[in-house]
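The block underneath contains the structure these notes are about, expressed in structure tokens.
Quick note: the coordinates plus some simple rules give every number you see, no bench work behind them. Keep in mind the model is a prediction, meaning the values are calculated, not measured. Cβ coordinates were reconstructed from backbone atoms using ideal geometry, including for glycine residues, and neighbour counts include every protein chain displayed.
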Amino acid sequence: MPRSNRPRRRTAAPGKHAAPEELDLDRTRLGVPTRESAPDGEWAVRSITARNAAKTYTCPGCHREVPPGIAHLVVWAEDNIFGADAGLRERRHWHTNCWRTRTFRYR
Ligand SMILES: [Zn+2]
């Protein structure tokens, strides 16, 4: 049986970047955190859009609620002594303004 010599461009290379699609979607939805260096540590800061703010949180800056539907920031320590995962687990939701004007004494 002779083999076909036709190039099979259409079906070639299923892709080296066969990363799970869910991860990409997740990254797109959540956004990439910004890294901030401050006197109180290294922080990852991510913006939560009004649309993605679905729960009520307590802002560690002013101890008032961050209600659903309000764009705010989620912040976690990049230099947590127990590792990045621990820092992420202890992430806090801040009013944008409270984070920007914090006194570094909320701990
Ligand atoms: Zn606040």
Inset, instruction - Pick out, in residue order, every one of the GluC sites (Glu not before Pro) in the range 63-100 that is DSSP loop and has at most 12 other C-beta atoms within 10 Å; say none if there are none. - result: 90
Legend entry - Of the chymotrypsin sites (Phe, Trp or Tyr not before Pro) in the range 68-107, those whose Cβ has at most 10 other Cβ within 10 Å and which sit in DSSP loop: 82, 104
Legend entry - Size of charge dipole - the range 31-100 - debye, nearest 20, with Cβ of Lys, Arg +1 and Asp, Glu -1, no other charges: 380
Legend entry - residue 103-residue 54 FRET efficiency (beta carbon distance; Förster radius 22 Å; 0.05 resolution): 0.15
Legend entry - Inverse mean reciprocal Cα-Cα distance (Kirkwood Rh) of the range 31-100, Å: 12.2
Legend entry - Extension reserve of the residue 85-residue 36 stretch, reckoned as 0.36 nm per residue once the Cα distance is removed: 15.9 nm
Inset, instruction - Place +1 on the Cβ of every Lys and Arg and -1 on the Cβ of every Asp and Glu in the range 31-100, take the dipole about the Cα centre, and give the residue among 67, 87, 77 whose Cα lies farthest towards its positive end. - result: 67
